[in-house]
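Participant: Starting off with a structure, shown below.
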């Protein structure tokens, strides 16, 4: 009997998640269960690889992979750059002709 109840909660969670990502609070509210119950099932389902989790600020957002990609809007002050642009900007910070291993070795010596 208890196993049926657990499977029912997870089946309902998958149904809700198939419509889009949600937080544990939203899951608990939609399924009319306690927050801890929703969170426990969500974590179990992540552990089983059935769903994924992304961190947004201090909140976990759960989603079904492949259904849709999570896009978190960047603040207005963020100006995305191409990797090549960033590499050019920081090139002067690194000595040319020195391997990454050599840089690490030198830094470890300094400590």
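The values are calculated or read from the model by the stated rules, or taken from the named source; none is laboratory data. Not measured: the values here are computed from a predicted model. All Cβ positions, even for glycine, are placed from backbone atoms using ideal geometry, and neighbour counts span all protein chains on display.
Participant: Quick test for you: out of 65, 89, 85, pick the one residue that is free of Cβ contacts under 8 Å to residues at least 40 places away in the same chain and either surrounded by 13 or more Cβ atoms within 10 Å (Cβ to Cβ) or not in a helix (DSSP H, G or I) (or both).
Facilitator: 65
Participant: Test each condition in (1) loosely packed, with under 15 Cβ neighbours inside 10 Å; (2) touching a helix residue (DSSP H, G or I) at 6+ places or on another chain (Cβ under 7 Å) for residue 24 and report the one that comes out false.
Facilitator: (1)
Participant: Would you say residue 38 is part of a helix (DSSP H, G or I), at pLDDT 90 or above and surrounded by 10 or more Cβ atoms within 10 Å (Cβ to Cβ)?
Facilitator: Judged against the criteria, residue 38 is a match.
Participant: Now for a separate question. Every residue in the range 41-59 that is surrounded by fewer than 17 Cβ atoms within 10 Å (Cβ to Cβ), assigned to a loop (DSSP other than H, G, I, E, B) and in contact with a helix residue (DSSP H, G or I) (Cβ under 9 Å, 6 or more places away or on another chain), please.
Facilitator: Passing the criteria: only 50.
Participant: Regarding the range 91-109, can at least one residue be identified that is on the phi > 0 side of the Ramachandran plot and modelled with pLDDT under 90?
Facilitator: yes
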